[in-house]
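First comes the structure, then the notes that go with it.
The values are calculated or read from the model by the stated rules, or taken from the named source; none is laboratory data. Values in this document were obtained by computation on a predicted structure and should not be read as measured data. Using ideal geometry, Cβ is built from the backbone for each residue, glycine included, and neighbour counts are taken over all protein chains shown. These area figures cover heavy atoms from the full protein model, side chains too; ligands, DNA and RNA do not enter into them. Shrake-Rupley method; radii C 1.70, N 1.55, O 1.52, S 1.80 Å.
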Number of protein chains: 2
Amino acid sequence: MGTREQIVDAANRLFYQQGFEPTSFAAIAEAVGISRGNFYYHFKTKDEILQAVIEARLASTRKMLVEWADGSADPLDRVRRFVEIVITNRGDIESYGCPVGTLTNELAKLDHPSRAHAVGVFELFRTWLREQFEDLGFDAEADDLAMHVLAFSQGIAALSNAFHDSDFVYREVARINTWLTERLASHTSADGAR
Amino acid sequence: MGTREQIVDAANRLFYQQGFEPTSFAAIAEAVGISRGNFYYHFKTKDEILQAVIEARLASTRKMLVEWADGSADPLDRVRRFVEIVITNRGDIESYGCPVGTLTNELAKLDHPSRAHAVGVFELFRTWLREQFEDLGFDAEADDLAMHVLAFSQGIAALSNAFHDSDFVYREVARINTWLTERLASHTSADGAR
DNA sequence: GCCAGGCTAGGACGAATGTCCTAGTGTGCC
DNA sequence: GGCACACTAGGACATTCGTCCTAGCCTGGC
C-alpha cells in the first residue's frame, strides 16, 4: 500500500475515533510513521486530506452496497442486512458513534465547505434503501421508508454511544425487523385489495 | 445577570454551535465582551467551563421536564410534548444537531472525563419518559419504550441536520405519534384481557 | 555511471491555543 | 476617609497548530 493510501487510511480512522478538528497533521504522520514534511508532499492542506477521506468512504460504501445487493436476491433481506450494521459495528459505535453521522455533524458545526460532500455517504445509503423498497413494490413511499430506516440506525448509534448498551441495540433491531415485516405485509395486502 | 452566568450562557451556546474543542477561551470572552484575564478569574480551566455548562443544561432540563409534567395531566400528552421538541427546535437542529447527542459524542471521541456527566442529560430524559410510560400502565417495558422514543428523537436530529429537511421531521413525528397511539391501545386492550 | 525526478526528512514560520501573572479599578464596610 | 477584597484588563508564557521550505535520498532510464 502506497504512502498516500496509508495516510488516507490513518486519517480515516483518526477522524472517526477523535474527530476531524482535534486530529492534527502530526498525529496522522505519526500513525503512518512518516515525517510531516513528507506528509505535505502528498497533501497540501488539511481540507485536502478530508476530501480524500470522504472520497475513500464514498468508494468503500458504494462497494459495500453492491456486495450487499449481490449477496441476496430478496430486497427485504438487503434492508435487513443494512439494519444489521448497528450490530456488526456495535463495538466501534459504542466508542465513537456512527462514522457518517458524527462527521457530517462536526462539519456542520465547523461550517466546513466539505459538509455537503460528507452528506454524500448518507445519500448513498438513502438511495440504495429507496431502491430496495421500490423493488418491494413501494413507489412514492419508498424514499420515506428509506429515511425512516436511516433515522432508526442513527438513533441507535447515538444512544448506543451514550449509554454503552448492547442489549438496547439488539432490542431495537428486533423492533425494526418486526416493523419491516408488518409494513410489507400491510402493503402487499393493500396491493392485493386493489 | 452576573459575569459568571454570562460566561456559562455564551459557552453553552458556542459549545452547541461550534463544538467544545473548536471553541476557544478567546471566542467565549469575546462573545461576553470581557478580557481573557477576567475569564480566568471565573474559570481556571476549560474543563471547569464545560462542567458548569453541563450543570446548567442539567438544571434547565430538569426545570423543563417539571414544567412539562405540570403542563398536562395526561402522560401520553407529556410524551407527545417531548416528541415535539424536534419540531420546536428544528431550526437549530438543522444547523447544529441535537445539543445532547452531539456533545456526548464529541466528549466520547475526545475520551473526556466529563462524558459521563454530559450523558446525565440523556438520563434525565430517559427517566422522565420511563415515568410517563409507567403512569400509562407499563412496568418492565417502560424503560424500553422510553429508550425507543429517545432513539427516535436522535435519529430525526441526525438526519434533519444532514439533509436540512423539515418535512421529514414532520413525517417522522406523525409516525411516532401513530405508533404511540397504537402501542397504548394494544397495551390497554391486553390489560383489559387479563 | 550518471542524471533527473519522485519521494522523504527535518526544521522554520507566524498564528493561535490554554494557562498564568500582575497591576489596577471599583465598591462596600468600618 | 480609608481599607479590604471582589473583580477586571492586558499581556507573557510555553506549546501546538497548519503551512511551507530546503536539503538529501533512491530508483529508473539513457
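Pairs linking a residue in region B:107-120 that is hydroxyl-bearing (Ser, Thr, Tyr) to a residue that is open to solvent by less than 10 Å² (accessible area, probe 1.4 Å), with Cβ atoms under 7 Å and 6 or more positions apart or on different chains, are B:Ser114/B:Leu50; B:Ser114/B:Ile54; B:Ser114/B:Leu107.
Restricting the first member to region A:26-46 and to residues that are more than 6 Å from DNA strand C (Cβ to nearest atom), and the second to residues that are of a type outside the set (A, V, I, L, M, F, W, C), the beta-carbon pairs closer than 7 Å and six or more apart or on different chains are A:Ala26/A:Arg36; A:Ala29/A:Ser35; A:Ala29/A:Arg36; A:Val32/A:Gln6; A:His42/A:Thr3; A:His42/A:Arg4. If you go through region A:1-23 and keep only what is within 12 Å of DNA strand C (Cβ to nearest atom) and either in contact with a Gly (Cβ under 6 Å, 6 or more places away or on another chain) or within 14 Å of chain B (Cβ to nearest Cβ) (or both), you end up with A:Glu21, A:Pro22.
Of the residues B:Arg62, B:Arg81, the single one that is of a type in the set (Lys, Arg) and touching a Ser or Thr at 6+ places or on another chain (Cβ under 7 Å) is B:Arg81. The residue list B:Arg81, B:Arg62 contains one member that is open to solvent by 70 Å² or more (accessible area, probe 1.4 Å) and touching a residue at least 40 places away in the same chain (Cβ under 8 Å), which is B:Arg62.
If the condition is being of a type in the set (Gly, Ala, Ser) and more than 8 Å from DNA strand D (Cβ to nearest atom), then region B:30-51 contributes only B:Ala31. When A:Glu21 is tested against the conditions (1) open to solvent by less than 70 Å² (accessible area, probe 1.4 Å); (2) under 18 Å from B:Thr102 (Cβ atoms), the lone failure is (1). For region B:151-194, taking the residues that are modelled with pLDDT under 95 and more than 20 Å from A:Glu172 (Cβ to Cβ), the one that is surrounded by the fewest Cβ atoms within 10 Å (Cβ to Cβ) is identified as B:Arg194.
Looking across region B:107-129 at every residue that is touching a Ser or Thr at 6+ places or on another chain (Cβ under 8 Å) and within 7 Å of chain A (Cβ to nearest Cβ), the one that is surrounded by the most Cβ atoms within 10 Å (Cβ to Cβ) is identified as B:Lys109.
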